[in-house]
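Take a look at the structure set out below.
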Amino acid sequence: MHNLTKILPRPLVLNGPSGCGKSTLVKILMKENPNRFSFSVSHTTRKPRKGEKDGIHYHYISKEEFEQDLLDQKFIETAEVHGNYYGTSIKSIQEVQEKMLIPILDLNIDGAVSIKQIDYLNPHLVFITTPSLKELERRLRGRGTETEEQIQTRLKTTRDELDWVKTHPNFYHHIIVNDDLKVASKQLFDVVKKELANLK
Ligand SMILES: Nc1ncnc2c1ncn2[C@@H]1O[C@H](COP(=O)(O)OP(=O)(O)OP(=O)(O)O)[C@@H](O)[C@H]1O
């Protein structure tokens with residue numbers, strides 16, 4: 001008898017200070033392993049912009065629906081930006097799993113704490129960091145997408161995040177120091193290697 005129970009791919013959750021290189025590493029991972037990963041589609045109360053499609057760019061919902069979903073604990077992480085709500089729902093992650101793709105989530109620490117509590121999602125939790133705060137600052141400045149004030153806020157948040165990681169040494173399954181990009185991307189690949197083999 002064959003076991004017909006489908007083993008769903010484990011989500012890959014990335015945490016780490018702004019500017020440590022999460023997007024860069026994800027881009028490499030997705031490029032080197034095409035059609036294996038997918039981001040989940042977020043919910044938002046913001047109105048669709050021209051060219052945006054419901055269910056593709058976002059799930060567009062009303063403020064009332066969002067508040068109800070929040071009460072029903074449907075979200076792993078939410079944020080309010082310029083008066084609009086955004087949320088990552090459990091369902092949107094499951095939709096990716098159903099397609100037998102590995103969901104990739106770039107969350108903050110609260111989001112990681114929240115997803116870890118959902119046993120059946122069984123995510124890989126990875127913290128990405130830089131060799132030093134100085135290097136992080138250099139990358140943030142080098143990226144040139146933040147104002148000086150935003151850089152200072154991000155560095156302050158980073159210090160708090162690093163303190164949290166220090167006091168929760170067993171929280172993450174993997175900690176990757178993104179120094180040499182080649183080494184770090186190989187380390188990230190190793191996290192999902194088994195997962196990828198199971199998908200074949
Ligand atoms: N190993 C590395 N060595 C040097 N520079 C790097 C390395 N990894 C990433 N960078 C550079 O650092 C900058 C920040 O990287 P990236 O935008 O990927 O960070 P992030 O963690 O996704 O940030 P955010 O959370 O703010 O989106 C980019 O300019 C990127 O090219």
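Read-outs: derived from the displayed coordinates by stated rules, not from any lab. Small disclaimer: the values here were computed from a predicted structure and weren't measured. Backbone-built Cβ (ideal geometry, glycine too); neighbour counts: all protein chains shown.
Laid out as a table, the results:
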{"read-out": "Rg/Rh (Cα only; Kirkwood hydrodynamic radius) as it applies to the chain", "value": "0.97"}
{"read-out": "Region 40-100, dipole about Cα centre (Lys/Arg Cβ +1, Asp/Glu Cβ -1), debye to the nearest 20", "value": "360"}
{"read-out": "At 0.692 mPa s and 37 °C, Stokes diffusion of region 69-169 via Kirkwood alpha-carbon radius, µm² per second", "value": "207"}
{"read-out": "Separation between Cα centres of region 173-198 and region 29-81, rounded to whole Å", "value": "26"}
{"read-out": "For the chain, size of Cβ-based charge dipole, Lys and Arg +1, Asp and Glu -1, in debye", "value": "820"}
{"read-out": "Gyration tensor (alpha-carbon) shape descriptor, region 40-100, a/c threshold 1.5", "value": "oblate"}
